[in-house]
Amino acid sequence: MIIECFDGGVVRLSEPSDFRRFKLVMHAKASLDPHAWKGITLLGDDDALVAIDLVPTLEGRPDHASWHLGYDDMLAKAREHGWIDADKNAIRAHIERPA
């Protein structure tokens, strides 16, 4: 699952059914302003916190029950590995910047 961030605060979900990986892709023109994207908190150059409630609202998410079950399962596994910030109700994501 890839959360793509574009200039102007545009955020969309791609590869939404790939629950084995979770990352944030900052496209070249995307603003590095930490307030540019509602529900996403940059933790530095390499990591971010993504609000758990944000992902199901993003463009590109399939609208069927099996997707929600897969997402819930991914969150449960992320909790087991310590990738969930319970205070912020967010999941940690690695940041990539394509060339």
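The values are calculated or read from the model by the stated rules, or taken from the named source; none is laboratory data. The structure displayed is predicted, hence computed values, not measured ones. Quick reminder, even Gly has a Cβ in these numbers, built from the backbone with ideal geometry, and neighbours come from all protein chains shown.
Annotations
- Test result for Glu59, of a type in the set (D, E, K, R) and either touching a strand residue (DSSP E or B) at 6+ places or on another chain (Cβ under 6 Å) or at positive phi (or both): yes
- Test for Ala36: is it at pLDDT below 95 and in contact with a Gly (Cβ under 6 Å, 6 or more places away or on another chain): yes
- Residue check for Gly60: surrounded by 14 or more Cβ atoms within 10 Å (Cβ to Cβ), at pLDDT 85 or above and either closer than 16 Å to Arg20 by Cα or of a type in the set (Val, Ile, Thr) (or both): no
- Here Lys29 fulfils each of the conditions (1) in a loop (DSSP other than H, G, I, E, B); (2) within 15 Å of the chain's Cα centre (by Cα); (3) within 16 Å of Val10 (Cα to Cα) apart from (2).
- Residue that is farthest from Ser17 (Cα to Cα), among those in the stretch 43-57 that are small (Gly, Ala, Ser) and surrounded by 13 or more Cβ atoms within 10 Å (Cβ to Cβ): Ala48
- The residues listed here are Ser17, Ser66; of these, the one that is hydroxyl-bearing (Ser, Thr, Tyr), closer than 13 Å to Met1 by Cβ and surrounded by fewer than 17 Cβ atoms within 10 Å (Cβ to Cβ) is Ser17.
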